[in-house]
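The values are calculated or read from the model by the stated rules, or taken from the named source; none is laboratory data. Everything numeric in this text was worked out from a predicted model, so none of it was measured. Cβ placement follows ideal geometry from the backbone for every residue including glycine, while neighbour counts extend to all protein chains displayed. Quick note on the areas: whole protein, heavy atoms, side chains included, nothing else; ligands and nucleic acids left out. Shrake-Rupley method; radii C 1.70, N 1.55, O 1.52, S 1.80 Å.
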Amino acid sequence: MRPEIERAVALLRAGELVAFPTETVYGLGADAANPAAVAKIFAAKGRPADHPLIVHLPSAARLSRWAREVPSEAEKLAAAFWPGPLTLILKRQPNVPDAVTGGQDTVGLRVPNHPLALELLAAFEGANGGGVAAPSANRFGRISPTTADHVREELGSRVPLVLDGGACPVGIESTILDLSRGAPVLLRPGAIGAADIARVLGRAPEAAAPQSDTPRVSGSLDAHYAPRTPLQLVSSDGLLFALRNALVAGERVAVLAPTAQAITHDLVSWKQSPAEPAGFAHDLYASLRELDALGCVRILVQQPPAGEAWLAVIDRLRRAAAGSGEDDET
Ligand code: TXA
Ligand code: MG
C-alpha cells in the first residue's frame with residue numbers, strides 16, 4: 001500500500017478526519033461506523049448535526065452491510081453508474097449510526113469514480129467492511145472544494161490530512177436519488193440527469209417535493225454553495241445593464257459569462273465560462289472562489305440557457321445567489 005494511503009487509513013481507523021478527492025468535489029471523511037469520528041466532521045464543517053452524510057464505498061459488493069433493502073432498481077443503477085456521481089438513498093441497516101443518517105431511517109450511499117478515492121476506500125473497507133462517511137469538505141453553506149488547496153483554505157488545521165488528487169473532473173456534487181419509498185425521487189440534480197436514470201429504469205424519477213421542515217438534503221436549503229460577495233444571476237441584456245449601473249456608481253464588479261470580455265474597465269473583472277454544461281460545472285466552484293477573493297461589490301453571473309443539461313448548474317447558481325453576501329457566523 002502506498003504510504004499516503006496507509007497513513008490515511010491509519011487516521012480513519014484512529015477516528016480522525018481525512019479529506020480526499022472524488023470525481024465531483026473533495027470529501028471530508030471519517031469512519032462511518034464510529035459516531036465520535038463522525039461528530040468531528042460536523043464540528044470541522046460547522047454543520048448542523050441533523051444533516052445526514054453520504055457513506056462512500058469502494059464497490060457495490062457490500063451494499064447490504066449498510067442498506068437493509070436493496071431494491072432491483074438500486075442494483076440496476078449501481079451497475080450502470082458506479083463508480084460515478086450518483087448517490088442512492090436506501091433504507092438503512094439498524095447498525096448505521098444516527099450520526100451518519102441524521103436519525104433518519106435511510107442512508108445515502110455512493111461509489112465515487114476517482115482512483116485515489118477508490119484506493120483509499122478499498123484499503124479502508126478491508127475485511128471488516130468499513131465505509132467512509134463524507135460530506136463536501138467545505139465550511140457549512142460555503143462553496144464546495146474542487147482542489148486540495150480549496151480544502152486547506154476551508155478547513156486548515158481542522159483536518160489532519162488532505163489527499164491531493166488534483167482538480168475534480170465533474171466539479172459539482174453527485175446526483176441524489178431516493179429509492180427508499182417506492183417511486184424514485186430526484187433529491188439533488190447532478191451530472192447524471194433524470195433522462196440518464198430513466199434510460200436505465202424505464203421510468204423517470206419524480207421531482208422532489210418542496211422542502212419540508214426536516215433538512216433531508218442540506219444542499220436543498222435555499223442558501224448553499226455560496227460566496228461571501230453578493231452574487232446575482234442576470235440575463236445577457238441584464239448583464240450589460242447591471243455593468244453600466246455599477247460603473248456609474250463607481251462599484252467594482254466581477255463577471256462570469258460565456259462570452260469574451262464585453263467591457264474593459266479597471267472596475268470590471270471578467271471571467272469567461274465554458275459555454276457547455278460539463279465544462280461550466282467543472283470550472284464553476286473554482287471560478288466563484290477566484291471571483292469572491294477579488295473583494296468586489298457584486299458578482300454578476302450570466303444565467304445559462306434553459307434545458308435539462310443545465311439543470312444541475314442552474315440549481316447550484318440559484319443557491320449560491322440565495323446564500324451569498326453573508327458572513328461566516330450566519
Ligand atoms: O458528490 C457528492 O455527493 C459529495 C462527494 C464528497 O461525495 N458529497 C456531498 O456531500 O456533496 P454533502 O454532505 O455536502 O451533501 C450530501 C447530501 C446532503 O445534502 C445530505 O442531506 C444528503 O446528501 N443525504 C445524505 N444522506 C441522506 C439521506 N439518508 N436521505 C436524504 N438525503 C441524504
Ligand atoms: Mg456539501
Rounded if a/c under 1.5, otherwise prolate or oblate - segment 124-185, Cα gyration tensor axes: oblate
³J(HN,Hα), Karplus 6.51/-1.76/1.60, whole Hz, each residue of segment 245-257, x for Gly, Pro: 4, 5, 5, 4, 7, x, 9, 6, 10, 10, 10, 10, 8
Over the chain: helical MRE at 222 nm, DSSP H runs n ≥ 4 each giving -39500 (n - 2.57), nearest 500: -10000 deg cm²/dmol
Given charges at Cβ of Lys, Arg, Asp, Glu: the chain dipole, positive-most of His114, Gly295, Pro94: Pro94
Rounded accessible area per residue of segment 231-323, 1.4 Å, Å²: 46
Segment 3-207 - Rg and Dmax from Cα coordinates, angstrom: 15.6, 47
Share of carbon and sulfur in the accessible heavy-atom surface of segment 3-207 [1.4 Å probe, %]: 53
Gyration tensor (alpha-carbon) shape descriptor, segment 1-44, a/c threshold 1.5: oblate
Formal net charge of residues neighbouring Leu11 (Cβ-Cβ distance under 14 Å; K, R +1; D, E -1): 0
Antiparallel bridge percentage (DSSP; both residues within the chain; nearest 5): 40
Distance-filtered residues of segment 177-209 - backbone nitrogen under 18 Å, label point 7 angstrom along Glu276 Cα→Cβ: 191-193, 196
Net charge of neighbours whose Cβ lies under 13 Å from the Cβ of Glu125, counting Lys and Arg as +1 and Asp and Glu as -1: +1
Cα gyration tensor category, rounded, prolate or oblate, for segment 115-265 with a/c compared to 1.5: oblate
Rounded accessible area per residue of segment 1-108, 1.4 Å, Å²: 37
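With all distinct Cα pairs included, what does the Kirkwood hydrodynamic radius of segment 231-323 come out to in Å, to one decimal, could you say?
After inverting the pairwise mean of 1/r, the radius is 13.3 Å.
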In sequence order, calculated HN-Hα J values of segment 301-318 (Karplus, 6.51, -1.76, 1.60; Hz; x Gly/Pro): 10, 6, 4, x, x, 6, x, 3, 5, 9, 3, 5, 6, 5, 4, 5, 5, 4
Radius 13 Å from Cβ of Ala281, net charge of other residues (Lys, Arg +1; Asp, Glu -1): -4
